[in-house]
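One structure is given here, and the rest of the page talks about it.
The values are calculated or read from the model by the stated rules, or taken from the named source; none is laboratory data. Note that the structure is a prediction, hence the values are computed from the model and not measured. Neighbour counts are summed over all protein chains in view; Cβ atoms, including those assigned to glycine, are modelled from backbone coordinates with ideal geometry. The area values use the complete protein model at the heavy-atom level, side chains included, leaving out ligands, DNA and RNA. Shrake-Rupley method; radii C 1.70, N 1.55, O 1.52, S 1.80 Å.
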Amino acid sequence: MGSGSAPKESYPLKKRTGRYLLAALVSAVTFAVYLPALRNDFVNWDDGIYVYENVHLGGLNGEFFRWAFTSFYASNWHPLTWISHGIDRALWGLDPRGHHLTNILLHAGNTFLAVILAAGLFDAGRQRAAGTAGSPFSVGRAGMIAAGVAGLLFGLHPLHVESVAWVSERKDLLCALFFLLSVGAYLSYASDKSSKAYIISLLLFLFALLSKSMAVTLPVVLLLLDWYTFRRIGSLRSFGAALAEKLPFAVFSLAASAAAVSSQIMPVSIGQRGVPLPVRLLVAARTLIGYLGEMALPAGLSPLYPYPELGGVTFFSLPYLFAVICVAGITVLSIVVARKSRLLAAAWGYYVVTLLPAIGLVQGGQFMADRYSYLPSLGPFLLAGAGAAWVWETGGSPGLWGKTVKPVSALAGICIVIALSYSTVKQIGVWKNSIVLWGHVIDREPGRVPFAYFNRGTALRAAGRLDAAMKDYNTAIMQDPFYAEARLNRGTEFGKSGQYDRAIEDFDAVIGVWPASAEAYMNRGIVLGEKGEYGRAVEDLDAAVSLNPGSFAACINRALVMEHMGRTDEAVADYTRAISLRPDYADAYAGRGGLYMKTGRKEEALRDFQEACRLESEEGCAALGAYGKR
């Protein structure tokens, strides 16, 4: 940064203004296209855990922030994501429109940044390679075209709907926001070696990691920028210097990776565990090509892609052989053409590197998920933008081809934007509510995803459509006889409808595969109590309380059984314990007050009846009135 350093290259104000106007326009179009998401509800796939059932989002206080930074809740560590959801809960409560609005604004903001960064990257690459065969553009205008096309693809492609229309995927959007901002700050640093810009880039990278650990690949992305955009890497020595420069970023990546691994304390029910490494490699190759296919033709998007049957994953199976050939071919082509232009190699490298954490190499997981492509898609989209700019530039050549290129290209571009917008709005509708969401998955993968039938059944049950819910639970259990959650819900409904033996059969099966299920013991205890088998009921309810000492429902139900058995003191103790867990539950006061009356403890009974009535318990108010007449 001494006096001999080259001055930072500045751009005319008009060019900068044009760049921001272009980004604002693309961002505004993106925002408008995603507005239908405001009509969507929460869905019962993580939204409950993250938002509407998350008791930790009660207020923006010290305890909440401590929890956000220290908890591995929901098998994740992403403090800024929790803080974002906490702010939304404080602003909007449980109105899903506000939560969806935040996601839409974040995606529109990310689209704005994508255009700005793309324009800057293309401009910097053009200037560094000016007058050489390595420059894909001859003028800055082409870079603007490329940036605009890349931004429109990023903003409007239906592949990104999952990250935006699913409230729980806020982490994708936040991570991308800070990731892109960090890259932007690094571009400034690489241009003028400003230590301030370096520190800002590093801090923004930390914020990205605090939003989602998938940002761990950023140090490699910065090395790619050094190699392609700034031509700072041309030898082993320069590579070593660039690598040393990324060490602070690498330290953050390693720490975030360790936190991510530590947080995965719960197995993923829809995942595929114990998958051999050769199978994972073949599936990873198919995944890499699969996302590219969806970017080119987004006709078969799904919220859930079942993991392939392991027996069908072989090198000589056509889908996997094709994928391996494509991955190898693109890689070889990138290396060969890198001598003339590094653009393909940089875009392909970025795409592969940023997808690596999510293609199942470390352990078998979900085969594909649209949300995993959110940031990686920028590589292919930038390449598509460069191709569109090159085609547009050839429109200035003489002859019939040159005269027709621009109007044909413009018409094709308009058609693509309309088609993408239509597809995106249609895909947003898939996330309208839980019943629609899982119905879509079932239509695409009938008979393959018991998880989808279970979740749709749960949504139907919440909507009061019990017959349809039981049908879905039956289907889920038929596909997976050991599906504990489905049996638990079905058994609960059997119990409510008086089919006690069928309920007990389901609860027995749940306990057989999930012996630590406090809920299964509790529900079986309730059914046994209804059958009058109080001794067995108490044993189950004891087990439920032992497994989950904080179970208010288990304490209440054990108190009722104890009362039926005439074990008054134990019933009073359970009511007291339940009240300590839920001081606002009126019927617990009314129940304990009734027992106090039976044992002659009238003053204590009066206090309980008064509290129950204050909490608007009809039983408590009636008991209080009867007490006053005595």
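Tabulated values for the structure
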item	result
Residue within the stretch 398-418 that is surrounded by 22 or more Cβ atoms within 10 Å (Cβ to Cβ) and modelled with pLDDT under 95 present	no
The stretch 289-323, residues that are in contact (Cβ under 8 Å) with a residue 12 or more places away in the chain, assigned to a helix (DSSP H, G or I) and over 19 Å from P376 (Cα atoms)	L310, P319, Y320, F322
Members of the stretch 579-594 that are of a type in the set (A, V, I, L, M) and open to solvent by 30 Å² or more (accessible area, probe 1.4 Å)	L581
Number of positions in the stretch 496-519 that are in contact (Cβ under 8 Å) with a residue 24 or more places away in the chain and surrounded by 13 or more Cβ atoms within 10 Å (Cβ to Cβ)	10
Residues of the stretch 442-461 satisfying the condition of being in contact (Cβ under 8 Å) with a residue 40 or more places away in the chain and within 16 Å of D46 (Cα to Cα)	F451, A452, N455, T458, A459
Members of the stretch 71-95 found to be open to solvent by 70 Å² or more (accessible area, probe 1.4 Å), closer than 26 Å to A215 by Cα and outside any loop (DSSP other than H, G, I, E, B), listed by number	I87
Single match in M522, M562 (criterion: more than 24 Å from L466 (Cβ to Cβ) and open to solvent by less than 60 Å² (accessible area, probe 1.4 Å))	M562
Complete set of residues in the stretch 330-361 that are open to solvent by less than 30 Å² (accessible area, probe 1.4 Å) and touching a Pro at 6+ places or on another chain (Cβ under 7 Å)	L343, A347, Y351, T354, L355
T354 among the polar types (S, T, N, Q) and closer than 24 Å to L223 by Cα	yes
Some residue of the stretch 525-535 being under 19 Å from A486 (Cβ atoms), in a loop (DSSP other than H, G, I, E, B) and out of contact with any helix residue (DSSP H, G or I) (no Cβ under 6 Å at 6 or more places or on another chain)	no
Whichever residue in the stretch 260-292 is open to solvent by 40 Å² or more (accessible area, probe 1.4 Å) and at pLDDT 90 or above and, among such residues, is farthest from the chain's Cα centre (by Cα)	L281
The stretch 58-70, residues that are open to solvent by 10 Å² or more (accessible area, probe 1.4 Å), assigned to a helix (DSSP H, G or I) and within 14 Å of I87 (Cα to Cα)	G62, F65
Those helices (runs of 4 or more DSSP H) lying entirely in the stretch 151-224 with at least 3 residues touching a Gly at 6+ places or on another chain (Cβ under 8 Å)	170-192
Sole residue being assigned to a helix (DSSP H, G or I), in contact with an Asp or Glu (Cβ under 6 Å, 6 or more places away or on another chain), at pLDDT below 95 and closer than 22 Å to A190 by Cα, chosen from G143, G120, G125	G143
Condition check for L243: at pLDDT 95 or above and either in a helix (DSSP H, G or I) or under 19 Å from Y351 (Cα atoms) (or both)	no
